[in-house]
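Colleague: Below are the structure tokens for one structure; questions will follow.
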Amino acid sequence: MAKDKQHRVTGVELLNTPYLNKGTAFTEEERDQLGLRGLIPPRQVPIEEQHERVWENYGYKPSDLAKYIYLIGLQDRNETLFYYLLERHMQEMMPIVYTPTVGLACQKYSRIFRRPRGLVISLQDRGRVDSILDNWPSQDIRIVVVTDGERILGLGDLGLNGMGIPVGKLSLYVAAAGIDPRMTLPVCIDVGTDNQELLADPLYLGLAQARERGEPYDALIDEFINATQKRWPNCIIQFEDFGNTNAFRFLEKYRDTGPVFNDDMQGTGSVVYAGLLGALRVTGQLLQDQRVVFLGAGEAAVGIARAMIRGMLDEGLSEEEAHQRFWLVDSKGLVTRDRLDTLAAHKKPFAREEPPAVSLQEVVQRVKPTVLLGVSGQPGKFTREIIDSMSAAVDRPIIFALSNPTSKAECTAEDAYNWSNGQAIFASGSPFDPVEYNGRTLVPGQGNNVYIFPGVGLGVIFSGAKRITDSMFHIAAKTLAAAVPPGTLDTGSVFPAMDELQAVSLRIGIAVAQEAYRLNLNTMPEPDDVDAAFADFIWKPEYKSLL
Ligand code: NAD
């Protein structure tokens, strides 16, 4: 566990140390011995009452962005209370600390900035990344989430403003999987931005220059990875919201250097594969029999297709047969072999030997997909005609409109249900409210990566795994799919309710650790009683004595 050098902090400095601060909950003895007397109101208040106060205050906030700012403020003041609150209101607060509100918060990051959180490493820091990491006080970082801000959710290049994403994701590691917050470090690599609006904004806090894409960029990333692995060996490095040309090559380049993964590909692949397994429990079909059309052929699409291919291989298909189950449509139309010369490497394995098709509508009419997945960042692309055609050909169309935030979804839950006569099995990336359809309440599932990455991270950290394998994500997906109760499937949702998140993450954590032991990738010994050891490892938002 993290060494707690900060225990000696006293007085005002203690109140300003969010990890240790208890606000009005300091005991009489702590007030005397830690120089707090007079600095806080006299009555000692338990965390339950503090929670009532912050929950009430949260309710006064007039907008989602105001709620986000309030929560970040609380996190910066009293981390224990922040997580106590978040854990009790996961369903309500997930869309605030993560998508969709975090998207808006990123767009406005430089304007709502109050306190720094995490590390920013800019192009100007080449050659001194080691010393920047030394500025971070914790000796025991186990997980770094890093972005370069180029593809934030479906919102494009937000430069330094993308910092909100690593901050948000790491909060979810703590809230969902009980990772000690001191073990986490958000990082933004600032190499400029091509977002003209930000460049023209006098309050933008990032480097005011065009995004560097050449050798200096690669050298900075390399220096960062090496320095991180040197300072904190076996620390997870999670690539987050990089543009797809960099995301694919960095994953290949670094995944065998340590426990490195890319959530946009591997986490997304795992969660959507789990959702499909749930949907297939409803339709009673096999994965290998599906015809899967993707709108979008980037990181998410390829990550999902790869995860599904693994599942199809399990069912007995060959690689080649499995690839034949997919039709990818990008901004230029269907990915076909006659486009091979100009296709990006990640699309080539999916190029089909068939006539070109420009529109999604044409592809849907031709293929009659059983599964339609939206990962294009293009809102409204699943039109009534498309859902009509799909529903005419299959009984229970599986439609996942996954683009984030909500404003980018390919269709709404309501449209999917209405246009399919209530037959669609629908899931989205950002949450949609339940929909009343013909006297039934249909609950759209949210294919949020939060169902996967905290549990995977927990298992990797607990076992000290040296690598993060695709098999770990596969096992995570199966564990998640198995955790969806039949009653939940009956309501239309293929994912568990958000208030199941901690239990699910724990199950995934244990399964992933067991996979690490099986593959001999662990650097921590396998405990005799895994369940008890996990329970002991998990950080809880409770005040501990500082004496
Ligand atoms: P990406 O940039 O790697 O890929 C986007 C793809 O969309 C590209 O292939 C591009 O050609 C295609 N595209 C763009 N315009 C198009 C158009 N008009 N018609 C057809 N295709 C078009 O991005 P990504 O990482 O794959 O993410 C895509 C979207 O998926 C984002 O909105 C992201 O928020 C969402 N996403 C959701 C989840 C989730 O729900 N769990 C996870 C990851 C990503």
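The values are calculated or read from the model by the stated rules, or taken from the named source; none is laboratory data. Since the model is a prediction, treat every value here as computed from it, not as a measurement. Neighbour counts run over all protein chains shown; Cβ positions are idealised from the backbone, glycine included.
Residues checked against (1) out of contact with any Ser or Thr (no Cβ under 7 Å at 6 or more places or on another chain); (2) under 30 Å from Tyr543 (Cα atoms); (3) modelled with pLDDT of 95 or more:
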| position | (1), (2), (3) |
| --- | --- |
| Leu104 | yes, no, yes |
| Leu123 | yes, no, yes |
| Arg128 | yes, no, yes |
| Asn135 | yes, yes, yes |
| Met163 | yes, yes, yes |
| Val167 | yes, yes, yes |
| Tyr173 | no, yes, yes |
| Gly178 | yes, yes, yes |
| Pro186 | yes, yes, yes |
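Colleague: Cβ-Cβ below 8 Å, separation at least six or inter-chain, first residue in region 335-349 and touching a residue at least 12 places away in the same chain (Cβ under 8 Å), second β-branched (Val, Ile, Thr): which pairs?
Modeller: Hits for this filter: Val335/Val329; Ala344/Thr245; His346/Val302; Lys347/Val302; Lys347/Val335.
Colleague: Still on this structure, please answer the following. If we keep just the residues of region 153-167 that are within 13 Å of the ligand (Cβ to nearest atom) and more than 13 Å from Gly206 (Cα to Cα), which is surrounded by the most Cβ atoms within 10 Å (Cβ to Cβ)? Show your work before the answer.
Modeller: Step one: of region 153-167, the residues within 13 Å of the ligand (Cβ to nearest atom) are 153-158, 162, 165.
Then keep just the ones that are more than 13 Å from Gly206 (Cα to Cα); that gives 153-156, 165.
Details: Leu153: 26, Gly154: 23, Leu155: 20, Gly156: 15, Ile165: 28.
Selected residue: Ile165.
Colleague: Within region 418-433, count every residue that is surrounded by fewer than 24 Cβ atoms within 10 Å (Cβ to Cβ) and more than 16 Å from the ligand (Cβ to nearest atom).
Modeller: 7
Colleague: Continuing with this model, one more query. Within region 332-378, restricting attention to residues that are of a type in the set (Gly, Ala, Ser) and on the phi > 0 side of the Ramachandran plot, which residue is surrounded by the fewest Cβ atoms within 10 Å (Cβ to Cβ)? Step through it out loud before you land on a result.
Modeller: The initial filter retains those residues of region 332-378 that are of a type in the set (Gly, Ala, Ser), namely 333, 344-345, 351, 357, 359, 374, 376-377.
Still in the running and on the phi > 0 side of the Ramachandran plot: 333, 377.
Working: Gly333: 15, Gly377: 21.
Across region 332-378, the extreme among qualifying residues is Gly333.
Colleague: Given the conditions (1) under 16 Å from the mean Cα position of the chain (by Cα); (2) within 22 Å of Leu277 (Cβ to Cβ), report the number of the one that Pro397 does not fulfil.
Modeller: Result: Pro397 fails condition (1) only.
Colleague: Also, quick follow-up: Give the residue that is farthest from the ligand (Cβ to nearest atom), with candidates limited to residues of region 297-311 that are assigned to a helix (DSSP H, G or I) and closer than 21 Å to Val364 by Cβ. Full working, then the answer.
Modeller: Of the residues in region 297-311, the ones assigned to a helix (DSSP H, G or I) are 299-311.
Next, from what is left, pick out any that are closer than 21 Å to Val364 by Cβ: 300-302, 304-305, 308.
Details: Ala300: 3, Ala301: 6, Val302: 8, Ile304: 8, Ala305: 11, Met308: 14 Å.
Applying the filter and picking the extreme gives Met308.
Colleague: What are the pairs, 6+ residues apart or on separate chains, where a residue within region 513-535 that is among the charged types (D, E, K, R) and surrounded by 12 or more Cβ atoms within 10 Å (Cβ to Cβ) has its Cβ under 7 Å from a residue that is part of a helix (DSSP H, G or I) and at pLDDT 95 or above?
Modeller: Glu515/Ser471; Glu515/Met472; Glu515/Ile475; Glu526/Tyr517
Colleague: Could you grab the pairs with beta carbons closer than 6 Å, sequence gap of 6+ or different chains, first residue in region 448-460 and of a type outside the set (S, T, N, Q), second one in a helix (DSSP H, G or I) and within 9 Å of the ligand (Cβ to nearest atom)?
Modeller: Note: pairs meeting the criteria are Tyr451/Val271; Ile452/Gly267; Ile452/Val271; Phe453/Asp263; Phe453/Gly267.
Colleague: On to the next question. If you take the residues in region 78-107 that are among the charged types (D, E, K, R) and surrounded by fewer than 17 Cβ atoms within 10 Å (Cβ to Cβ), which one is nearest to the chain's Cα centre (by Cα)? I'd like the intermediate steps shown before the answer.
Modeller: So in region 78-107, the residues among the charged types (D, E, K, R) come out as 79, 87-88, 92.
In the following step, the residues that additionally are surrounded by fewer than 17 Cβ atoms within 10 Å (Cβ to Cβ) were identified as 88, 92.
On the way: Arg88: 20, Glu92: 17 Å.
The qualifying residue nearest to the chain's Cα centre (by Cα) is Glu92.
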